[in-house]
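Participant: Please find one structure pasted underneath; my questions will follow.
The values are calculated or read from the model by the stated rules, or taken from the named source; none is laboratory data. Everything numeric in this text was worked out from a predicted model, so none of it was measured. Every residue, glycine as well, gets a Cβ built from its backbone with ideal geometry; the counts of neighbours run over all protein chains shown. Note: areas computed on protein heavy atoms with side chains; ligands, DNA, RNA excluded. Shrake-Rupley method; radii C 1.70, N 1.55, O 1.52, S 1.80 Å.
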Amino acid sequence: MTLRVTEPRVGYALESRPMTADEFLAWESTRMDRHEFIRGEVFAMTGGVDRNDTVAGNLYMKLRQHLRGTPCRVYGSDVKLRVDAADCFFYPDLMVTCSAADLADRLVKREPVLVAEVLSPSTAAFDRGDKFADYRRLPSLAEYLIVDVERRRCDLYRKGADGLWVLHPSGPDDAVKLTSVDLVVDAAELWADLEPDAPAAPPALPPAD
């Protein structure tokens, strides 16, 4: 079977023929690395930076503690999300589902109420644009959270009763209010243990005469 595998967000095809969703699942089950599937194309996923992992971990722990004892579950970036209407498989940084069908499926989730992505430079435009457009085709999805670690800001998109998505931004000192799971995440909890970027080195002085 010839597969179409593409470097992440670059568009450079390593193989020539698109895959079906079933082919992708069978192929990826034999791989050690992770890939996202977008309408026949397969994108290799690269590793992230430690600061993003810290913030994703903070949010995961807060959600996990809050949801304990409920029908809802939070999953990290090793669990696939299927968007049937867009013919995609993604690995969100975090997602919460309260679906009994999702709980019964160990490999793929389909009905999240909340999806969160922690931005990195290589994926920021995609997470804000085309990926969000695909996520919006999930009937179950109520909120989409974009976390910008570098600026310590969040963009929370919430779907209203009219089906329209409304932006609720928050700054470095603001709490994030996740109504889909009835949870408020304080800024100190979200950004806990986040090391500041190293200061830029001063410019070199010209040699003395």
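Participant: Determine which residues of segment 23-40 fall in the zone a paramagnetic label at ARG137 would reach in this model, i.e. backbone nitrogen under 13 Å from the point 7 Å along Cα→Cβ.
Facilitator: Zone members listed by number: 37-40.
Participant: Which net charge results when you count Lys and Arg as +1 and Asp and Glu as -1 among the other residues whose beta-carbon is under 15 Å from that of CYS98?
Facilitator: 0
Participant: Could you give each residue of segment 98-111 its phi-based ³J(HN,Hα) in whole Hz, using Karplus coefficients 6.51, -1.76, 1.60 with θ = phi - 60°, and x for Gly or Pro?
Facilitator: Karplus values, whole Hz, x for Gly and Pro: 10, 8, 5, 5, 5, 5, 7, 9, 7, 9, 9, 10, 9, 10.
Participant: Residue by residue through segment 173-181, what is 3J(HN,Hα) from phi via Karplus (6.51 cos²θ - 1.76 cosθ + 1.60, θ = phi - 60°)? Round to whole Hz and write x for glycine and proline.
Facilitator: Couplings: 9, 9, 6, 9, 9, 9, 6, 4, 10 Hz.
Participant: Same structure, new question: State whether the chain is rounded, prolate or oblate according to the following rule on the C-alpha gyration tensor (a ≥ b ≥ c being the square roots of its eigenvalues): a/c under 1.5 gives rounded; otherwise a/b larger than b/c gives prolate, and the remaining case gives oblate.
Facilitator: Taking the square roots of the gyration eigenvalues as a ≥ b ≥ c, the chain is oblate.
Participant: Shifting gears a bit: Suppose the Debye formula is applied to equal point scatterers at every Cα of segment 73-129; what is log10 I(q)/I(0) at q = 0.26 Å⁻¹?
Facilitator: Log10 of I(q)/I(0), two decimals: -1.11.
Participant: Find the accessible area per residue for the chain; the probe is 1.4 Å, ligands and nucleic acids are left out, and the unit is Å².
Facilitator: 56 Å²
Participant: Here's a follow-up. In deg cm²/dmol, rounded to 500, what helix-only [θ] at 222 nm does the chain give when every DSSP H run of at least 4 residues adds -39500 (n - 2.57) and the total is split over its residues?
Facilitator: Calculated mean residue ellipticity at 222 nm is -6000 deg cm²/dmol.
Participant: Looking at the calculated P(r) for segment 43-163, what percent of the C-alpha pair distances fall above 20 Å?
Facilitator: The proportion of pairs with Cα distances above 20 Å equals 40 percent.
Participant: Name the long-range amide H neighbours of LEU94: under 5 Å, sequence gap of 5 or more, or other chain; modelled H, no Pro or chain starts.
Facilitator: ALA116
Participant: Now, a different point. What does the charge count around TYR60 come to, taking other residues whose C-beta lies under 14 Å from its C-beta (Lys +1, Arg +1, Asp -1, Glu -1)?
Facilitator: Its environment carries a net charge of -2.
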